[in-house]
């Protein structure tokens with residue numbers, strides 16, 4: 001989880017973003033569509049159309065951070081109130097979004113679990129040696 005000071009502002013893009021965009025493409029959205037300065041240290045969140053992926057862009061004194069999270073099942077649930085191409089949200093709402101808490105339904109998304117099959121790995125190792 002991100003540790004953020006209270007002075008950081010957090011904005012979420014209202015529209016879905018093409019996730020082929022990396023740093024430069026997202027910076028141009030912040031500058032051209034939002035009318036914001038991407039170098040001010042604010043966090044900018046971008047969701048894909050299916051809302052199962054999120055990218056977080058932030059300037060950090062000498063470079064941009066790009067955090068990326070992909071869900072194995074489920075969706076990021078967020079209700080955006082307000083007008084404009086981007087909406088400001090408080091830090092607790094960011095934490096709930098990234099942790100999978102659906103505020104409207106008061107429900108927590110179950111974490112994805114991987115069940116390892118050690119037996120299959122042992123057989124393939126034994127067959128090779």
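Laboratory data are not the source of any read-out in this text; all were calculated from the coordinates shown. Here the structure is a predicted model, which is why all the values come from computation and not from measurement. All Cβ positions, glycine included, derive from the backbone under ideal geometry; neighbour counts span all protein chains shown.
Summary table
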| read-out | value |
| --- | --- |
| Scan of region 62-76 for residues that are free of Cβ contacts under 8 Å to residues at least 60 places away in the same chain and within 17 Å of residue 30 (Cβ to Cβ), ordered by number | 63, 64, 65, 66, 68 |
| Subset tally (residues that are more than 13 Å from residue 94 (Cβ to Cβ) and either in contact with a strand residue (DSSP E or B) (Cβ under 9 Å, 6 or more places away or on another chain) or surrounded by 14 or more Cβ atoms within 10 Å (Cβ to Cβ) (or both)) for region 58-76 | 9 |
| All positions within region 22-39 that are closer than 25 Å to residue 96 by Cβ and free of Cβ contacts under 8 Å to residues at least 24 places away in the same chain | 29 |
| Enumeration of residues in region 77-92 that are surrounded by 11 or more Cβ atoms within 10 Å (Cβ to Cβ) and either out of contact with any helix residue (DSSP H, G or I) (no Cβ under 7 Å at 6 or more places or on another chain) or without any contact (Cβ under 8 Å) to a residue 12 or more places away in the chain (or both) | 77, 80, 84, 86, 87, 88, 89, 90, 91 |
| Sole exception among (1) exposed (fewer than 15 other Cβ atoms within 10 Å of the Cβ); (2) farther than 23 Å from residue 92 by Cα for residue 16, by number | (2) |
